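The values are calculated or read from the model by the stated rules, or taken from the named source; none is laboratory data. All values derive from a computational prediction rather than experimental measurement. Cβ placement follows ideal geometry from the backbone for every residue including glycine, while neighbour counts extend to all protein chains displayed. These accessible areas exclude ligands, DNA and RNA; they are computed on the full protein's heavy atoms, side chains included. Shrake-Rupley method; radii C 1.70, N 1.55, O 1.52, S 1.80 Å.
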Amino acid sequence: MSIHLQFLISVLLFLSVPVLSQIDQLMYVGFKDAGPNNLTLNGTAEIDKNGIIKLTNETSNLTSKIVGQAFYSQSFQLKNSTTGKAFSFSSSFALAFVHKYPSGGHGISFSIVTSKDLSYDTGNSSNHSFDVEIYTVLDYERSDNHVVIDTVPYYHSTLQESNFKSGKPFLVWVDYDSSHNLVSVTLSLTSIKPQKPNLSFHKDLSPILHDIMYVGFYASTWPPEISYYILGWSFKINGPAPFLDLTSLPQFPQPKKKQTSLIVGVSVTALCFIAFGIYVLRKIMNADVIETWELEIGPHRYSYLELKKATKGFQEKELLG
């Protein structure tokens, strides 16, 4: 066999070996099985016993900003390396917010970034990041409950549904259609995706995105009054994100009630005791004093209540003398 023929066969064999393709999707129905090989947690982020990511926690330290990050450990190829055109992508995730107080917190962001570093400045166009931020708190620029797309220019939309901050889980869809350069964000309290998005605009993400980037979540709160939870997450390049069903996700630990029923019960009991005490006191005050001689031969007088009743409230025309 000639050297040229051996070289040709070697090349054909090399070409016939399948090449590992770049990952193009992920799916998490809870995060119990997630480990450092596929999920990177930074800051205050942690996975609780139910398999839910808790990005921020409530703490008594009111002087510092609480930050948590959760990113998929492997990167995604988001652009065509030949044309430089960004690929379409779709993500779906289930969130829940727990407010310790009526106001406070900075929000949670679905982010596509070039670095998983905790100090990474999300929302900075010079860092080539794409961020969808969801707020349920008033700020100086926007009204309560809003979605912000951190691109240049900024895009934001007010959320009419106030129940997104009720502590109940809800779903978010973030979609980018590269053929129409269309970005859309949709929220729902059910597993059914509404036809009309909450925020939609035309924007070519090709200049913003790099070829290889990381996908995940970033949350911060100051004062630390809100806990941000992620119950499930799916992501897909060039296709719709895998379906998430809220009923199949880990059970979310409902926020601790302020023991309303106990407070009401104690209050009612206390009122009953007070009312009973007043009744007994009035009975004692209105009771006639029975003298010793009356105990021996029996009463020879009418009681105060009897006289009051007989005279119809001591009216003059009813008095006998």
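A few comments on the model shown:
- Region 66-91 residues that are in contact (Cβ under 8 Å) with a residue 60 or more places away in the chain and in a strand (DSSP E or B), paired with ones that are loosely packed, with under 15 Cβ neighbours inside 10 Å and of a type in the set (Gly, Ala, Ser) (beta carbon under 9 Å, 6 or more apart): Phe89/Gly239; Ser90/Gly239
- Among the residues listed as Trp173, Trp233, the single one being aromatic (Phe, Trp, Tyr), assigned to a strand (DSSP E or B) and either in contact with a Phe, Trp or Tyr (Cβ under 8 Å, 6 or more places away or on another chain) or modelled with pLDDT under 95 (or both): Trp233
- Region 105-134, subset at pLDDT 80 or above and of a type in the set (A, V, I, L, M), residue surrounded by the fewest Cβ atoms within 10 Å (Cβ to Cβ): Val132
- In region 230-252, residue most open to solvent (accessible area, probe 1.4 Å) [restricted to those that are among the aromatic types (Phe, Trp, Tyr) and closer than 29 Å to Asp177 by Cβ]: Phe243
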